[in-house]
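Derivation of every value follows stated rules applied to the coordinates shown; laboratory data play no part. Not measured: the values here are computed from a predicted model. No Cβ is skipped: glycine too gets one built from the backbone with ideal geometry, and neighbour counts run over all protein chains shown.
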Amino acid sequence: MEERITKQQLMKMYNVNRTTIEEWRRRFGLPMIEISSHKKYIRKTDLLEWENQMKQNHSLV
């Protein structure tokens, strides 16, 4: 199974809060997978691809 990163792990990795993660989802297309309103995660490969796109666009905060 592919490695998954939880929303809480993302917050720690980037030292940001939930609001920032949600903004990245809405404004920058962060591809989070929502299992329920309390369980969200992202595949590690999707995160790396998203990061690369943001770096190319100079939009990553």
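Data overview
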quantity: Over the chain: Kirkwood hydrodynamic radius from C-alpha pairwise inverse distances, Å; calculated: 11.8 Å
quantity: Top positive-direction residue, dipole computed over the chain with Cβ charges, set 54, 17, 33; calculated: 17
quantity: Label-to-label distance, nm, for residues given as residue 25 and residue 11 (7 Å Cα→Cβ offset); calculated: 1.2 nm
quantity: Debye, to nearest 20: dipole size of the chain, +1 on Lys, Arg Cβ, -1 on Asp, Glu Cβ; calculated: 200 debye
quantity: Net charge of Cβ neighbours under 13 Å - reference residue 21; Lys, Arg +1; Asp, Glu -1; calculated: +4
quantity: Candidate lysines - alpha carbon under 25 Å from residue 39, same-chain residues fewer than 8 apart omitted; calculated: 7, 12
